[in-house]
Amino acid sequence: MGGSKPSAPVTIMPAPTAPTFYQSLIPKESFEDAAGYLKRIQGETAKIQGQRYQEVGTPAELGARMAGRRLQETSAYQASLPKGDKYLQQTTGVADPYAQLKDAVNTQKYQALAEYEGALARMGEKPTPTINETPEWATRPDSTWNVKQAEGSQKSLGDFTSAEIAQALKQGTYRAATAEKPTSIGQFSKADLEKQSKLIG
């Protein structure tokens with residue numbers, strides 16, 4: 001049986017195009033919403049801490065109470081020490097056997113008093129919040145996240161073969177004017193490609 005001879009397969013290559021970059025952009029409003037969420041958490045936590053302070057007092061108040069108890073204990077212990085007997089010392093020449101202990105207790109009492117006064121000065125203070133009002137990452141403009149195309153190495157027409165130039169001319173892969181810093185064959189003009197094609201024959 002006769003028939004026409006099948007034609008040879010034709011391979012069509014798509015024209016090369018510049019790569020397309022995609023980037024997910026998170027708007028500034030989203031960061032501001034996150035900062036607001038953190039502030040609300042801080043506010044609710046402060047309410048719980050406030051209830052705890054009403055029940056047991058602030059850390060500064062608890063410290064003042066502890067310092068006050070230490071001062072009371074030291075004063076009570078100092079008051080319990082026996083008094084010196086001046087008649088015994090005059091008759092026997094024996095010094096007060098509790099003199100060193102009394103000096104030590106007296107020193108501790110003044111230290112406890114200084115700590116108590118310092119604790120009273122801090123009364124009413126509350127812990128400093130740990131979350132900033134507006135975090136730095138919530139104030140960055142949207143332009144911060146704009147896609148920036150990476151610059152490839154600059155090319156010249158001498159970097160391409162005659163076959164590559166011919167294919168670019170055939171497929172129309174060129175520009176109206178050559179780019180200032182071309183990085184691919186598609187960034188050269190038709191006139192420059194034709195001129196280079198004649199030069200390399």
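Things worth noting here:
- Matching residues in the range 16-27 - criterion: being surrounded by 10 or more Cβ atoms within 10 Å (Cβ to Cβ) and modelled with pLDDT under 70: Ala18
- Selection count, the range 170-201, where residues are surrounded by 14 or more Cβ atoms within 10 Å (Cβ to Cβ) and closer than 17 Å to Pro16 by Cα: 16
- Tally, over the range 184-201, of residues that are outside any helix (DSSP H, G or I) and in contact (Cβ under 8 Å) with a residue 40 or more places away in the chain: 1
- Which numbered condition Pro135 misses (of (1) modelled with pLDDT of 75 or more; (2) surrounded by 12 or more Cβ atoms within 10 Å (Cβ to Cβ); (3) out of contact with any strand residue (DSSP E or B) (no Cβ under 7 Å at 6 or more places or on another chain)): (1)
- Beta carbons closer than 8 Å, at least 6 apart along the sequence or on distinct chains, pair a first residue in the range 114-134 that is among the charged types (D, E, K, R) with a second that is at pLDDT 75 or above and in a loop (DSSP other than H, G, I, E, B) for Glu125/Thr58; Lys126/Thr58.
- Odd one out for Gln90 among (1) assigned to a helix (DSSP H, G or I); (2) at pLDDT 70 or above: (2)
- Output for the range 159-183, where each listed residue is part of a loop (DSSP other than H, G, I, E, B), modelled with pLDDT under 85 and farther than 17 Å from Met13 by Cα: Ala176, Ala179, Glu180, Lys181, Pro182, Thr183
- Taken over the range 43-59, the criterion of being modelled with pLDDT under 80 and among the hydroxyl-bearing types (Ser, Thr, Tyr) is satisfied by Tyr53, Thr58.
The values are calculated or read from the model by the stated rules, or taken from the named source; none is laboratory data. Remember, it's a predicted structure, so these values are computed and weren't measured experimentally. Cβ: placed from backbone, ideal geometry, glycine included. Neighbour counts: every protein chain shown.
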